[in-house]
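The next block holds one structure in the form of structure tokens; read it before the comments.
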Amino acid sequence: MEKMSQMSNVIELSKSEGVRMDDEWFDIAPLEHFWIQWRFQALILNKTLRNLSDKRLFEIGCGHGMVMKQFESLHNIVVDGCDLNPNALKLVEKRKGDVYLLNIYDEPPQLLQKYDGILLMDVLEHIENDTDFLHISCKYLQNEGLVIINVPALNLLFSKYDRKMGHIRRYDKKMLRKLLKENNIEVLSMEYWGFSLLPVVFIRKFFLLFIKDENIVDSGFKLPGKFTNLIFKTLMKIEVFLCKKPPIGSSLIAIGKYNIKNQNI
């Protein structure tokens, strides 16, 4: 494995390719952003993920490494990450795990069937053939490895922001359950989160109709002022306390278990 000269700590296993993701997002999505923290809270409060100690995870589509950093803040978890966007990978801070420039379809043998779990954090909505992509992603799992997915929810909320970000679809439980079943993944948990954000996302959909395309990402996601960010974090704490399993939300988390024995690899 050869280290890339232009990106320290990144291992090049594939050539970089264009991806359906606006680079601007990585500049306006710091760790302190309320949405980044809300997503992580929704993940770690899930009882299915309480036994991750000493596990090695693989984040496919790691971007600038925020999720890797969050998970590695938990005890004894190592997260490797991969992406095809060199601009995003340049922003990844040095982690306990390895970072790869990798097209997962290249299937490097040293990584296949290596991991206790894979993370697909807001990735599947960018993929035309999400069934095939998930099938390939599971090849990196050990038997009965965890599949941990977050996706934007509800096509009713699909907007100019989604298009600019390279989203092809938003999901509901029926869609995601079908996708997991097609890939021989047993659903352990599937929950919406961000119920309180629904009015905000709905208003954003119509507000962005009047915004120029070049300003869509900045207007749709940029970290708000400290006070507004604090309000949203407080809203997160209230929702998590009062309603751990909202009936609907702006995002959807699924956690499943992959049985390699029943899958053609």
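Each Cα pair under 8 Å and six or more residues apart adds its sequence gap; the mean of these over the residue count of the chain is a relative contact order of 22 percent.
Legend: residue pairs K47/K222; K55/K257; K47/K114; K114/K257, Cα-Cα distance threshold 26 Å; pairs beyond threshold, K47/K222.
The largest-to-smallest principal axis extents of the Cα set in region 126-265 are 50, 36, 24 Å. As a proxy for reagent exposure, ranking Y105, Y140 by other Cβ atoms within 10 Å from fewest up yields Y105, Y140. Semi-axis lengths, largest first, of the ellipsoid equivalent to region 1-148 are 21, 19, 16 Å, with √(5λ) applied to each eigenvalue of the Cα gyration tensor. A simple charge model with +1 on the Cβ of Lys and Arg, -1 on the Cβ of Asp and Glu and nothing else charged puts the dipole of the chain at about 1000 debye relative to its Cα centre.
Taking label points 7 Å from Cα along the Cα-to-Cβ direction, K96 and L230 give a separation of 3.3 nm. Whole Å is fine, so just give me how far the alpha carbon centre of region 133-211 lies from that of region 39-62. Between the Cα centres of region 133-211 and region 39-62 lies a distance of 17 Å.
Computing FRET efficiency as 1/(1 + (r/R0)^6) for S14 and F241, where r is the C-beta to C-beta distance and R0 is 51 Å, gives about 0.70. With both labels modelled 7 Å from their Cα along Cα-to-Cβ, the N155 to N259 distance reads 3.0 nm. Once the C-beta distance of E214 and E128 is scaled by a Förster radius of 30 Å, the resulting FRET efficiency is 0.75 to the nearest 0.05. Which aspartates and glutamates have a Cα less than 19 Å from the Cα of K15, not counting those fewer than 8 places away in the same chain? Leaving aside aspartates and glutamates fewer than 8 places away in the same chain, those within reach of K15 are E2, D23, E59, D80, D83, D98, D106, E107. With the convex hull drawn around the C-alpha atoms of region 60-147, the volume per residue stands at 97 Å³. Residues C62, C138, C82, arranged from fewest to most other Cβ atoms within 10 angstrom of their Cβ, appear as C138, C82, C62.
Read-outs throughout are calculated quantities, based only on the coordinates presented, and are distinct from any laboratory measurement. Please read all numbers here as calculations on a predicted model, not as lab measurements. In this analysis, Cβ positions are derived from the backbone assuming ideal geometry, glycine residues included, and neighbour counts consider all displayed protein chains.
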